[in-house]
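Participant: Structure provided below as structure tokens; questions to follow.
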Amino acid sequence: MKIAVIGAGPAGMTAAYKLSSAIADGRVTQLDVYESSAHVGGMAKSMRMW
């Protein structure tokens, strides 16, 4: 089975991580993650507070 995850925000990356175990036991043959921006994480940011 081939699976595509659309978006590499927190939900997409969690889905890809959980589905990666299905690759190990042969249930999934291909897992692709598609993201439109140049980085993963969606709108999650870190910032300096002080």
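Participant: Taking the dipole about the Cα centre of the chain, with the C-beta of Lys and Arg at +1 and of Asp and Glu at -1, give me whichever of Thr29, Ala11, Ser46 is farthest to the positive side.
Facilitator: Going by the Cα projections, it comes out as Ser46.
Participant: Moving to a separate point now. For the chain, max minus min Cα coordinate along each principal axis, in Å, sorted largest first?
Facilitator: Result, largest extent first: 48, 20, 13 Å.
Participant: Also: Compare the peptides 34-41, 2-9 by average per-residue count of other Cβ atoms within 10 angstrom and give them in order, highest first.
Facilitator: In descending order of packing, they fall as 2-9, 34-41.
Participant: What FRET efficiency would be calculated for the residue pair Met1, Glu35, taking the C-beta separation as r and a Förster radius of 30 Å, to the nearest 0.05?
Facilitator: Once the sixth-power term is evaluated, E becomes 0.90.
Participant: Amide H of Leu31 versus every other amide H placed in the peptide plane: which residues, excluding those fewer than 5 positions away on the same chain, fall under 5 Å?
Facilitator: Here Ile3 satisfy the definition.
Participant: When the helix-only estimate is applied to the chain (DSSP H runs of n ≥ 4, each -39,500 (n - 2.57), divided by the residue count), what is the mean residue ellipticity at 222 nm, nearest 500 deg cm²/dmol?
Facilitator: Calculated from helices alone, the mean residue ellipticity at 222 nm is -10000 deg cm²/dmol.
Bear in mind these aren't lab numbers, they're just calculated from the coordinates by the rules spelled out. Everything quoted here is computed from the prediction, not taken from an experiment. So basically every Cβ, Gly included, is an ideal-geometry build from the backbone, and we count neighbours across all protein chains shown.
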